[in-house]
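Worksheet: the structure to be examined is printed underneath.
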Amino acid sequence: MALIKCKECGKEFSDMATACPNCGYSPALEQKKAIEKNLLPEGERKSKITAGFLCLFLWVFGAHEFYLGNVGGGIAWIIMSFIVSFTCGVFPILFLLILIPIIGAVKLWTMPIEKFDIKYNQISSPKSKLGCLFGIVIVLIPLILFFVSTAFSAYQKAVQESRMREMSNIIDATKNQVSDVLDNI
């Protein structure tokens with residue numbers, strides 16, 4: 001137990017006390033006000049409930065990390081989900097696949113609001129708009145590439161079949177011409 005000096009009246013009081021017994025000054029209340037002053041406006045704050053649901057249902061895309069402004073964490077979740085999807089035949093990895101996002105969501109939901117605000121809703125914390133935009137780009141690029149590759153392979157198959165039909169028609173026409181020439185001889 002140590003004695004601290006009151007900023008209001010200058011008298012010493014125990015650091016275990018919630019307020020100065022002489023004037024009522026509360027260091028904890030002052031600290032809370034200082035933290036509140038550095039938070040984003042009420043309408044721009046991120047929600048821990050939303051972050052938890054994004055973690056639970058869209059963890060494959062790292063949506064909760066992008067929402068919270070952690071672009072690197074979102075990319076790590078995407079890479080992890082691709083690695084896990086390529087090794088999904090292994091039972092322990094499947095168990096972790098289900099367990100990790102559940103733990104992450106519960107961790108977000110049970111985090112005290114003050115700690116969540118300090119970590120994610122500070123004026124100086126990463127902005128979620130850029131993180132969400134980057135997340136959308138990271139998710140859309142592979143999807144677009146997948147659809148383009150699928151369409152390109154279907155196009156190549158159709159071109160190949162068309163060429164085969166054309167060659168078959170040319171061969172049939174040549175056979176007919178040869179048989180006509182042979183019939184005329």
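Provide the packing ranking of 63-69, 169-175, 100-106, i.e. peptides ordered by the mean count of other C-beta atoms within 10 Å per residue, highest first.
Working: 63-69: 24.7, 169-175: 10.0, 100-106: 16.3.
Ranked from most to least packed, the peptides come out as 63-69, 100-106, 169-175.
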Cβ-Cβ cut-off under 12 Å around K107, Lys and Arg +1, Asp and Glu -1: the net charge is +3
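None of the figures in this text is laboratory data; all of them are computed from the coordinates on show. From a predicted model like this one, the values you see are computed outputs, not experimental measurements. For neighbour counting, all protein chains shown are included, and Cβ atoms are generated from backbone atoms with ideal geometry for every residue, glycine included.
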